[in-house]
Amino acid sequence: MTRFDSDPEFSHSSLPTTGILLANLGTPEAPTPRAVRRYLAEFLWDPRVIELPRALWWLILHAVILRVRPARSAAAYRKVWTAEGSPLLVNTRAQAQGLSRALASLGHESLELTVGMRYGKPSIRSALEKLRKRGARRILVLPLYPQYSGTTTASTLDAVANVFRRWRWVPELHFITHYHDLAGYIAALADSVRESWSQKGRGERLLFSFHGIPRRYFLAGDPYHCQCHKTARLVARELDLADHEWAIAFQSRVGREEWLRPYTDEILGEWARSGVRSVDVQCPGFSADCLETLEEIDEQYRELFLGAGGEAFHYIPALNDRPAHLSALADLLDQHLRTGATTAPDPMTVRETTERALAMGASS
């Protein structure tokens, strides 16, 4: 017999609220092999991330990957770890604080907003439980992935649904699947490039680097590749770039399988060897700076480009908690909050409902 979770905070007299779950990928709790192994075991076991037969993948994961990769990844994390913790978590929490203020300025003062990570802590389960305790009967989920992919956005929905399947009272759910062509997001990306140019000078080429996915996922219908290209095109147009002044590439591939091309490391090496002396690199698919931007791009690929003959490499930071970025996300949330919004019950209605519930035997 299935047992459904009870809501210990439920009361017929409580006023319902609207909650926002700000979701991101996740991070180890510490830059140590043990913590990284625990994080990778959860991340890489997700069938949305690795689409292989479970038995075969379990053997590969536990017999090979989790024996070798944690130590190497922990060393990389140590290079970017901050006094406050993981850059991804620190930046996402800063975004949440800024978004709360931006939403309040739009008239949403009573919202409950919390952060949940798909893998690691704070978990999506703990974030949703926090919203439930605060009386959220309507929840809006914003995965911080501008471009949709089954490996990220859909996996977040899986995690949310897995929590709800045990709740007795499931809240009204609104799920934002993408914002790759949102006007405010595109403008914020373009402004961050202009700011970098004004401070560091303008490179000969601008490279948009997105996290890769296996090519077969794209061929199976994942729209991620197309949405990445649209984002890059719109930013390039906003910056009035000629076709030869910019390009798109994909990073962070693992294994021997073909991923989306061109690869970031390969295109940077080709540019340097062909005489391109300065480049700017932006990662529009990462809403917050993390291991992949700070260590892979700004350290590994900087060294690669300069070592192949390049002279200047400028990484343009992720949008993080830039005011223009938070304003764009707040406007996006505001649109969804106002669409189909239900009228909150007034205190008199709540009191009458409570009295009727108590008369029928309710405990509170």
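If I stretch the segment between I60 and F164 completely, what's the gain in nm (0.36 nm per residue apart, minus their alpha carbon distance), one decimal?
Details: separation 104, 0.36 × 104 = 37.44 nm, distance 3.14 nm.
Contour length minus the Cα-Cα distance gives 34.3 nm.
Under 29 Å between alpha carbons, and skipping anything fewer than 8 positions from K133 in its own chain: which lysines qualify?
The reachable lysines, counting only those whose Cα sits under 29 Å from K133, are K121.
Tell me whether region 170-222 comes out rounded, prolate or oblate; compute the Cα gyration tensor, take square roots of the eigenvalues as a ≥ b ≥ c, and use a/c under 1.5 as the rounded threshold.
Working: a/c = 3.89, a/b = 1.53, b/c = 2.55.
It comes out oblate by the Cα gyration axes.
Round to the nearest 10 and give me the degree value, 0 to 90, for the angle of helix 264-273's Cα axis relative to the longest principal axis of the chain.
20
Mind pulling the angle between the C-alpha long axis of helix 66-80 and the longest principal axis of the chain? Nearest 10 degrees, somewhere in 0 to 90.
Result, in degrees: 80.
At 1.4 Å probe size, with the rest of the protein present, what percent of the exposed accessible area of region 146-191 is carbon and sulfur atoms? List each step's numbers first, then the result.
On the way: 960 of 1790 Å².
Carbon and sulfur: 54 percent of the exposed surface of region 146-191.
Take K121 and A220, extend 7 Å from each Cα along the Cα→Cβ direction, and tell me the distance between the two endpoints in nm.
Between K121 and A220, the label points sit 3.3 nm apart.
Given the DSSP H assignment, sum -39500 (n - 2.57) over each helix run of at least 4 residues in the chain and divide by its residue total; what's the result at 222 nm in deg cm²/dmol, nearest 500?
Numbers: 13 runs with 157 residues, N = 364.
Computed ellipticity for the chain at 222 nm equals -13500 deg cm²/dmol.
Determine, from the Cβ-Cβ distance of D46 and E257 and an R0 of 22 Å, the FRET efficiency 1/(1 + (r/R0)^6), rounded to the nearest 0.05.
0.85
For the pair A104 and R78, how long in nm is the line joining their label points, each one 7 Å along Cα→Cβ?
My value for the distance between the label points is 4.1 nm.
Within 10 Å, at most 14 other Cβ atoms, and a DSSP state outside H, G, I, E, B define an exposed site. Report the longest part of the chain free of exposed chymotrypsin sites (Phe, Trp or Tyr not before Pro).
Details: sites that count: F4, W169.
Answer from the scan: 170-364.
Where the Cα atoms of the chain are projected onto their three principal axes, how long is each span, largest first, in whole Å?
Principal extents (Cα only, largest first): 82, 49, 42 Å.
Give me the percent of DSSP beta bridges within the chain that run antiparallel, rounded to the nearest 5. Display every interim value, and only then the final one.
Working: 2 of 39 bridges.
About 5 percent, rounded to the nearest 5.
Using a ≥ b ≥ c from the Cα gyration tensor of region 1-156 (square roots of the eigenvalues), is it rounded, prolate or oblate, where a/c under 1.5 gives rounded and otherwise the larger of a/b and b/c decides, a/b for prolate? If you can, show how the numbers build up before the last one.
Numbers: a/c = 2.27, a/b = 1.55, b/c = 1.46.
Prolate is the answer for region 1-156, as a/c is 1.5 or above and a/b outweighs b/c.
Would you please classify the overall shape of region 207-283 from the alpha carbon gyration tensor, given that a ≥ b ≥ c denote the square roots of the eigenvalues, rounded means a/c under 1.5, and beyond that prolate means a/b larger than b/c while oblate covers the rest? Intermediate results must be reported in sequence, preceding the final value.
Numbers: a/c = 2.71, a/b = 1.29, b/c = 2.10.
Since a/c reaches 1.5 but b/c is at least a/b, the shape of region 207-283 is classed as oblate.
Near the amide H of Q251, under 5 Å away, which other amide H atoms are found, from residues 5 or more places off or on another chain, if H is placed in the peptide plane?
F210, H211, G212, T264
Just how large is the dipole of region 65-130 about the Cα centre, in debye to the nearest 20, putting +1 at every Lys and Arg Cβ and -1 at every Asp and Glu Cβ? Each step should come with its number before you reach the end.
Numbers: 11 positive and 4 negative charges, 124 e Å.
I would put it at about 600 debye.
The values are calculated or read from the model by the stated rules, or taken from the named source; none is laboratory data. These numbers were taken from a predicted model, which means no experiment stands behind them. Backbone-built Cβ (ideal geometry, glycine too); neighbour counts: all protein chains shown. Please note that ligands, DNA and RNA were not included when accessible areas were found on the heavy atoms of the full protein model with its side chains. Shrake-Rupley method; radii C 1.70, N 1.55, O 1.52, S 1.80 Å.
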